[in-house]
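Engineer: One structure coming up, written as C-alpha cells, with questions to follow.
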Amino acid sequence: MSEDVVEFQGQIQVPYEWAYGEDLTRFFEGTKQKKIYGSRCPSCKGVMVPPTSYCARCYVRMEEEWIELPHTAKIDSFTVVYLPFVGQPTEPPYAYATIIVDGSDGYYLHVIGECDFDELHCDMKVEAVWNPEPKGDLYDILYWRPIKEDK
C-alpha cells in the first residue's frame, strides 16, 4: 500500500474543477447509454472512476482520453446502514460500499443490492444493475449486485 503514497513538499493548489465540472457531467452523460467511463492519468497511468480533471494520486491534469470500463467491480470496503438517509434509492437496511470498477484504480461509492449482508465480504465481485430509464445521474446504476460464482 505504501507505493500508492506520494509525499509533497509545500502546498498543492488544485482547482475546484478537480472534483466537479465537465468530466463529471460527461461521466453522467455516459451512464444514459449504460456505459461506465474513466479517465487516464498521463503520469501514473491510473484510471479514475468517475473521471476527474486531476489525478487523485499525483495531482496532474488528466488526459482527455476516456476509457470505457466493464460493468463489473469488486468491493473494497462496505458498511451496512440501518438508519434512513435522505436521497438514498432504497430503504434501510442496505449496504453502502466503496468499489473498484474493473480496469480502474479509483474508488466509486454506491449501494450494494440483492445480497444477504452475512455473505458480503471485501474483494467480492459485483456487477452493475442499471436503471431501465437512465437520466444521467448517480442512480443510473440502481445498485451493484454480487456475481454468483460457479462452485
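What follows draws every value from the coordinates through simple rules; no lab data is involved. Because the structure is a prediction, the values reported are computed rather than measured. Neighbour counts are summed over all protein chains in view; Cβ atoms, including those assigned to glycine, are modelled from backbone coordinates with ideal geometry.
Engineer: Taking a threshold of 21 Å on the Cα-Cα distance, which of the pairs 45/148; 45/135; 35/74 fall above it?
Structural biologist: Pairs exceeding 21 Å: 45/148; 45/135.
Engineer: Residue farthest toward the positive end of the dipole of the stretch 20-151, with Cβ of Lys/Arg at +1 and Asp/Glu at -1: which of 46, 87, 143?
Structural biologist: With unit charges placed on the Cβ atoms, the residue in question is 46.
Engineer: Treating the beta-carbon of each Lys and Arg as +1 and of each Asp and Glu as -1, no other charges, what is the dipole magnitude of the stretch 72-146 about its Cα centre, to the nearest 20 debye?
Structural biologist: 120
Engineer: Report ³J(HN,Hα) in whole Hz for each residue of the stretch 63-76, in order, from the Karplus equation J = 6.51 cos²θ - 1.76 cosθ + 1.60 where θ = phi - 60°; Gly and Pro get x.
Structural biologist: 6, 6, 5, 10, 10, 7, 10, x, 8, 10, 7, 10, 6, 8
Engineer: Once label points are set 7 Å from the Cα along Cα→Cβ at both residue 135 and residue 119, what is their separation, rounded to one decimal in nm?
Structural biologist: A separation of 3.1 nm, rounded to one decimal place.
Engineer: For a quick check: sort 116, 76, 23 by the number of other beta carbons within 10 angstrom, fewest at the front.
Structural biologist: Ranked by crowding around the Cβ, least crowded first: 116, 76, 23.
Engineer: Sticking with this one: Taking only the Cα atoms of the stretch 72-146, how large is their convex hull per residue, in Å³?
Structural biologist: Residue-normalised Cα hull volume stands at 92 Å³.
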